[in-house]
Each structure stands twice: as structure tokens, then as C-alpha cells.
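In what follows, a structure is listed as C-alpha cells, so that the remarks can point back to it.
The values are calculated or read from the model by the stated rules, or taken from the named source; none is laboratory data. All values reported here derive from a predicted model rather than from experimental measurement. Note: ideal-geometry Cβ built from the backbone for every residue, glycine included; neighbour counts use all protein chains shown.
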Amino acid sequence: MKRIIVTGLLATITSFLYAQDINSIINAREVERIEKTLSSDEMKGRLTFTPELDKAADFIAAEFKAAGLVPLTGLKSYMQRFHYLKPKLISTSYSTGLVKRSAKNVLVITTQPLLTVTNKSGFDTGRINKGDNLFQKAYGYVQSGKKVVVIVDTSFSKNFARLDYFKQQLSPTQTSVVFILAAAKPSRFSITARHSFTQLKLANVVGVLPGKSKKSELVVFSGHYDHIGIGKPVNNDSIYNGANDDAAGTTAVIMLAKYFKALNNNERTLVFAAFTAEEMGGFGSQYFSKQLKPADVMAMFNIEMIGTESKWGKNSAYLTGYDKTDMGKILEQNLEGSSFKFYADPYTEEQLFYRSDNATLAKLGVPAHTISTSKMDNEPNYHKPSDEIGTLDMNNMAEIIKAIAISSRSIVSGKDTPSRVKPEDY
């Protein structure tokens, strides 16, 4: 009986100390300090390829250093530098047999200045059928690493040109993908595309907290630190500060890094990443993800837009792709007895699971989910100059970050391992 009482007392004391530690590190004052810096007018909206984005990266790197993180293996600093190619189309020609066709019915994704593809070129064949998710399927082909000619059903004629999105930036290792708008694959065809390319430099900011007994197993916490810069003035304000999108997520990543370093009991290695170029197509997370072995990544907590209340009010957030793995259930178990609740994504029609920085690793089977509170059907400041720190709730943000820390603890410790995303579920 005495042993039970003492054990219970020790558990109570441990729980109390745990709460005290988390409150001293993750609190509204610290949330505001980081948020205020990242979303200030001095950052000019953190547009990719601007000095202000570099300034934001330097700030994040300094925070990682202060937290006591180390660079990612193979890197000498917290900057994970890489480059992409920006293409400029010079000309496209398209013919079937001896008949010249409209170049508007083809779109070529390539890093080759001159590319000619015919029915005899040995490309694989893919299809996007009527009723398919056009961009989800197209993304799969572009990221497949295979040379492929994709026949896009004519029901997508109005949106076909929007596939040009996949040409915004290209990895130097990108394989060639050709989209043809047609009812069926032509038996004989010839497509020639000429492009010029500009090489663009980018950098993610990545810090690592090495694990103890399970160093080779990784848990990733991430957000993106870029936004859309300066744009059309609204009420005499032209700076799109991006306080919620996604200075909020980046703030969470920094605070989680400091918290787990203070605990210093993570059995698995924790990787904290602030991605660049999310607003331009998720190129930072794509590059980052390709540098990891998917089998080594046990879970990914991508954090985006947590500065406002969710549709359920305070102390709540949702998880994209909730039904794809059992990670959400693990988080809920770790939060049992608290007032915080994780819900399934209520905006599934927005395809958020496939659109955010978790997407590349999720496609490779990693239980990679995005945590958000953004009301996608009614977020008044999204991509507007009004997305400023004054519109955010610092106290609620702190509670959300605490909930992420507590709910992830059994995954961080190695006790729980979420199920993988099945290929058919992506």
C-alpha cells in the first residue's frame, strides 16, 4: 500500500515538473517574440529569392543554434542549400502522323533545352481519366522519376493549361514528362519542345537533435518560412506578412526544438526543418524529402497555419489525411485527459493532404501529416496583407504547440510507431 502511495506521489510530482518545464519553454510570450520577428514589415513578406527571405533564414538558423541543435548529417551549417531550374518556353510543335496539331494540347515538363518525343521514344504511357483528380495524378507522374507520356482526358480541357504549374521550378534531376490532351493516345505522334533555363538558388533551414537508443530512426517537425512578399495594396498596405501562413508553423518548429532539447530524452533522432519555396510549389520540402531514406522516417509533423482558432474553437486542430495512418489515434491517446482535441481534416475537398509540405514523404509511405487550424472555407486573412500578428491568438498558439509536443512524446520516445501510408491511399 505504501509503495502504491509513493509511486502515485512520484507520478504526480513528475507530471507537475513536466508541466512546469513545458510552460516555461512554450508560452505566449515566446510565441509572440518569434512570430513578431518573422512576420514583421522588415521581412517584406518573405518572398522567395529576396534578401528578406535570407534574413528570415538567418534568424531561424540562429534560433536552432541557440537551442543546441546540430546540422543535418553531411552539412556544415543549418542551411540545406540546393537549386532548381526555371524554364522559359521558346517553342512547341505537335503533330500526329502528317497532321499538325495545336501546341495548346501538349505540355512538356523537362530539363532538356531541346526535347523531341515520338511514339518510338520508349516513354511509358500514363492516363488521367475523366473523374480523376487532375493535379493529384499529374503530380504523381511528375514525381515518378520515369519518362512518361500522359494522356489527359478532354474533359479537363479547361484546366489543362494549369498543368504549367509543374514547370515553375525543376530539379536538375527531373525526368521528362509529356502531357497530351486527347481522348486516346495517338498511334503516331511527334512533339518537340525548346526551353531555356535559369538556375535559382534556394535553402531550407534544418537542425537536428540526435537520438539516443534509436538514432537511425527519424521524426520530422516542419513548417515553411516563405510567403508571397509585396503585392497589390489593400487599405494602403502592400506587405503580405504571412503571420499565420506560415510564420506560425515555423514558430512552432523553433519552440518544439527548444523544448525537446531541454528534455533531452528523445530516443529517436528529431529533425526540425523550415522549408523554402512552399508558396511556389513546395520545392523546399520536395528537395528535403529526397535527401532522406523514407524507411528511416517514422513520422512527420508538418505544421501550417495554427495562429487562428479552428472551426471547433480553442484547444483544437485537425490532421490532414487522418484516415491514412493511425498516427492521429496515437496523438489522441497521448492527449487523453487533456482538454485538447485533434480532429480529422474537415476540408477533404481541398486535398490538403496532397498539397502541403508533407506530400512528398507521404507519397513514399511515411506517416506524414499536416497539423492546422485554418478554416479553409472562411479564413479572412489568407494571402492578404491583413495576415498580421495582430490577427493571431498567442495563447491559443502556445496551447497548440504544447499539444503537439505532448501528443508526439510516445513517437519521439520510440514507444509508438505510426502505420505507413499505403500506395493505394495516396
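Which of the following residues is outside the structural domain of D387 (by TED's automatic domain parsing), part of a strand (DSSP E or B) and either touching a Ser or Thr at 6+ places or on another chain (Cβ under 7 Å) or over 30 Å from E42 (Cα atoms) (or both): A273, A193? Walk me through how you get there before you give the answer.
Numbers: A273 fails: outside the structural domain of D387 (by TED's automatic domain parsing).
None of the others qualify; the one that does is A193.
Looking at N302, N266, N204, which one is part of a strand (DSSP E or B), under 20 Å from L361 (Cβ atoms) and in contact with a helix residue (DSSP H, G or I) (Cβ under 6 Å, 6 or more places away or on another chain)? Talk me through it step by step, then tell me what you get.
Details: N302 fails: in contact with a helix residue (DSSP H, G or I) (Cβ under 6 Å, 6 or more places away or on another chain); N266 fails: part of a strand (DSSP E or B).
Going through N302, N266, N204 in turn, the sole match is N204.
Does A248 satisfy the condition of being out of contact with any Ser or Thr (no Cβ under 8 Å at 6 or more places or on another chain) and either closer than 30 Å to H383 by Cα or touching a residue at least 40 places away in the same chain (Cβ under 8 Å) (or both)? Write out each step before concluding.
Working: out of contact with any Ser or Thr (no Cβ under 8 Å at 6 or more places or on another chain): yes; either closer than 30 Å to H383 by Cα or touching a residue at least 40 places away in the same chain (Cβ under 8 Å) (or both): yes.
Considered against the rule, which asks whether it is out of contact with any Ser or Thr (no Cβ under 8 Å at 6 or more places or on another chain) and either closer than 30 Å to H383 by Cα or touching a residue at least 40 places away in the same chain (Cβ under 8 Å) (or both), A248 comes out as yes.
For region 90-127, give me the residue count where each residue is under 20 Å from Q174 (Cα atoms), in a strand (DSSP E or B) and either hydrophobic (A, V, I, L, M, F, W, C) or touching a Pro at 6+ places or on another chain (Cβ under 6 Å) (or both).
8
Which of the numbered conditions does V31 fail, given that it passes all the others? Conditions: (1) of a type in the set (V, I, T); (2) buried (at least 22 other Cβ atoms within 10 Å of the Cβ); (3) in a loop (DSSP other than H, G, I, E, B).
It is condition (3) that V31 fails.
For region 52-88: of the residues being among the β-branched types (V, I, T) and over 22 Å from G282 (Cβ atoms), which is surrounded by the most Cβ atoms within 10 Å (Cβ to Cβ)? Show your work before the answer.
From region 52-88, those among the β-branched types (V, I, T) are 60, 70, 73; that's our starting set.
Subsequent filtering for residues that are over 22 Å from G282 (Cβ atoms) retains 70, 73.
Values: V70: 13, T73: 10.
Only one residue tops the list, namely V70.
Of these, L9, L75, which one is at pLDDT below 95 and not assigned by TED's automatic domain parsing to the domain that holds E399? Even if it seems obvious, please write down each step before you answer.
Details: L75 fails: at pLDDT below 95.
Criteria check complete, one pass: L9.
Is one or more of the residues making up region 399-406 among the aliphatic types (A, V, I, L, M) and either free of Cβ contacts under 8 Å to residues at least 60 places away in the same chain or assigned by TED's automatic domain parsing to the domain that holds Y141 (or both)? Before the answer, list the steps.
Of region 399-406, the ones among the aliphatic types (A, V, I, L, M) are 400-401, 403-406.
This time we only want the ones that are either free of Cβ contacts under 8 Å to residues at least 60 places away in the same chain or assigned by TED's automatic domain parsing to the domain that holds Y141 (or both), so: none.
For region 399-406, residues among the aliphatic types (A, V, I, L, M) and either free of Cβ contacts under 8 Å to residues at least 60 places away in the same chain or assigned by TED's automatic domain parsing to the domain that holds Y141 (or both): absent.
Scan region 213-236 residue by residue and report those that are of a type in the set (D, E, K, R) and either surrounded by 15 or more Cβ atoms within 10 Å (Cβ to Cβ) or not assigned by TED's automatic domain parsing to the domain that holds P385 (or both).
Of region 213-236, the ones of a type in the set (D, E, K, R) are 214-215, 217, 226, 232.
If the condition is that a residue be of a type in the set (D, E, K, R) and either surrounded by 15 or more Cβ atoms within 10 Å (Cβ to Cβ) or not assigned by TED's automatic domain parsing to the domain that holds P385 (or both), then K214, E217, D226 are the ones that fit.
Residues are listed down the side, and each one gets a yes or a no for (1) without any contact (Cβ under 8 Å) to a residue 40 or more places away in the chain; (2) small (G, A, S); (3) touching a Lys or Arg at 6+ places or on another chain (Cβ under 9 Å); (4) at negative phi:
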{"site": "L292", "(1), (2), (3), (4)": "no, no, no, yes"}
{"site": "V297", "(1), (2), (3), (4)": "no, no, no, yes"}
{"site": "E304", "(1), (2), (3), (4)": "no, no, no, yes"}
{"site": "E309", "(1), (2), (3), (4)": "no, no, yes, yes"}
{"site": "W312", "(1), (2), (3), (4)": "yes, no, yes, yes"}
{"site": "G321", "(1), (2), (3), (4)": "no, yes, no, no"}
{"site": "G328", "(1), (2), (3), (4)": "no, yes, no, yes"}
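Assuming R81 fulfils every condition listed in (1) assigned to a helix (DSSP H, G or I); (2) in contact (Cβ under 8 Å) with a residue 40 or more places away in the chain apart from one, which condition is it?
Among (1) assigned to a helix (DSSP H, G or I); (2) in contact (Cβ under 8 Å) with a residue 40 or more places away in the chain, R81 violates only (1).
Which of the residues spanning region 213-239 are polar (S, T, N, Q) and part of a strand (DSSP E or B)?
As a first pass, look at region 213-239 and keep what is polar (S, T, N, Q): 213, 216, 222, 235-236, 238.
Answer for region 213-239, where residues must be polar (S, T, N, Q) and part of a strand (DSSP E or B): S216, S222, S238.
Matching residues to (1) touching a Gly at 6+ places or on another chain (Cβ under 8 Å); (2) at pLDDT 95 or above; (3) within 30 Å of M43 (Cα to Cα):
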| position | (1), (2), (3) |
| --- | --- |
| A317 | no, yes, yes |
| K341 | no, yes, no |
| E349 | no, no, no |
| T360 | yes, no, yes |
| N378 | no, no, yes |
| K384 | no, yes, yes |
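Do any residues in region 98-118 that are assigned by TED's automatic domain parsing to the domain that holds N159 have Cβ atoms under 7 Å from those of residues that are small (G, A, S) and exposed (fewer than 12 other Cβ atoms within 10 Å of the Cβ), where the two are at least six apart or on different chains, and which pairs are they?
Listed by first residue and then by second, the contacts come to P113/S196.
I'm told N204 meets every condition in (1) crowded, with 18+ Cβ neighbours inside 10 Å; (2) modelled with pLDDT under 95 except one. Can you identify the failing condition by its number?
That leaves (2) as the condition not met.
So F49 fits all but one of (1) surrounded by 18 or more Cβ atoms within 10 Å (Cβ to Cβ); (2) under 19 Å from the mean Cα position of the chain (by Cα); (3) closer than 24 Å to I230 by Cβ; what number is the exception?
The single condition F49 does not satisfy is (1).
Touching a Pro at 6+ places or on another chain (Cβ under 9 Å), in the same structural domain as Y318 (by TED's automatic domain parsing) and without any contact (Cβ under 8 Å) to a residue 60 or more places away in the chain, is that true of D345?
In short, no.
Return yes or no: is D164 acidic (D, E), under 27 Å from Q199 (Cα atoms) and either modelled with pLDDT under 95 or within 26 Å of the chain's Cα centre (by Cα) (or both)? Full working, then the answer.
Values: acidic (D, E): yes; under 27 Å from Q199 (Cα atoms): yes; either modelled with pLDDT under 95 or within 26 Å of the chain's Cα centre (by Cα) (or both): yes.
Taking the combined requirement at face value, the residue satisfies it.
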